[in-house]
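Notes follow the structure.
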Amino acid sequence: MHPWLHFKTITRHKLLVMHYCFQAGLYKQGLLHDLSKYEPVEFLVGCKYYQGDRSPNNAEREDKGYSAAWLHHKGRNKHHFEYWIDYQIDDKDHAMGGMRMPKKYVAEMLVDRIAASKVYNKEKYTQHDPLIYFLKGKSHYLMHPETMKEIEHLLRILDEKGEDACFWYTRNVY
């Protein structure tokens with residue numbers, strides 16, 4: 001059990017997201033981001049499976065075959081595209097699908113990915129990491145096509161032009 005290390009990790013992540021949300025003009029989301037990580041169902045799993053360089057939810061999933069902490073988390077935090085999976089009424093070939101996310105949650109998803117990459121990669125972090133991580137999983141994401149385009153576009157701005165350009169775009173254009 002690593003309660004102090006886990007607490008420091010999730011708090012560092014939360015503070016980074018808050019900082020970036022404020023840069024993007026998302027003040028309320030910055031303050032409320034990931035509060036569920038401090039609830040026992042998520043926090044205790046994080047303490048038990050803490051490794052420091054990746055999500056403890058992945059370790060719980062490897063151990064149990066599922067992650068109760070992740071199921072709790074994604075069901076309460078609208079910046080995760082998994083929150084937006086629902087039955088599709090107009091696509092008979094695919095019963096479940098990604099619903100289009102409101103732009104403010106796509107923007108929060110962007111800053112969440114940047115902060116997570118910084119927390120887990122530490123001093124090895126580069127502005128390319130969030131896009132690389134996204135592209136590795138993109139083929140199996142159950143995400144609305146427009147949401148997919150939007151987050152990839154924002155991550156490419158970050159990758160090519162850096163954080164200042166990315167947050168300027170998010171605040172003024174997006």
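The values are calculated or read from the model by the stated rules, or taken from the named source; none is laboratory data. Given the structure is predicted, the values throughout are model-derived calculations rather than measurements. Positions of Cβ are generated from backbone atoms using ideal geometry, with glycine treated the same way; all protein chains shown enter the neighbour counts. Side chains are part of the model used for accessible areas, which takes the heavy atoms of the whole protein and leaves out ligands, DNA and RNA. Shrake-Rupley method; radii C 1.70, N 1.55, O 1.52, S 1.80 Å.
With a simple spin-label model that places each label point 7 Å from the Cα along the Cα-to-Cβ direction, the separation between residue 87 and residue 39 comes to 2.4 nm. With the convex hull drawn around the C-alpha atoms of the chain, the volume per residue stands at 120 Å³. Rolling a 1.4 Å probe over the protein heavy atoms gives the chain an accessible area of 56 Å² per residue.
About its Cα centre, how strong a charge dipole does the chain have in debye, to the nearest 20, once Lys and Arg get +1 and Asp and Glu get -1 at the Cβ? List each step's numbers first, then the result.
Numbers: 26 positive and 23 negative charges, 82 e Å.
For this selection, approximately 400 debye.
Under 1.5 on a/c is rounded, so check that first for the stretch 107-174, then, if it is not, pick prolate when a/b is larger than b/c and oblate when it is not; a ≥ b ≥ c are the square roots of the alpha carbon gyration tensor eigenvalues. Oblate is the answer for the stretch 107-174, as a/c is 1.5 or above yet b/c matches or exceeds a/b.
Annotation for the stretch 143-168 versus the stretch 1-55: alpha-carbon center distance of 22 Å.
Between residue 95 and residue 139, the distance separating the two model label sites (each 7 Å from Cα on the Cα→Cβ line) works out to 2.6 nm.
Would you work out what percent of the accessible area of the stretch 17-174, with all protein chains in place, is carbon or sulfur (probe 1.4 Å)?
Details: 4740 of 8670 Å².
After summing per-atom areas, the C and S share lands at 55 percent.
Of the residues 89, 142, 132, the one whose Cα sits farthest toward the positive end of the charge dipole of the stretch 81-174, with +1 on the Cβ of Lys and Arg and -1 on the Cβ of Asp and Glu, is 132.
With 0.36 nm allotted per residue and the present C-alpha distance subtracted, the residue 76-residue 4 stretch has 23.5 nm of extension available.
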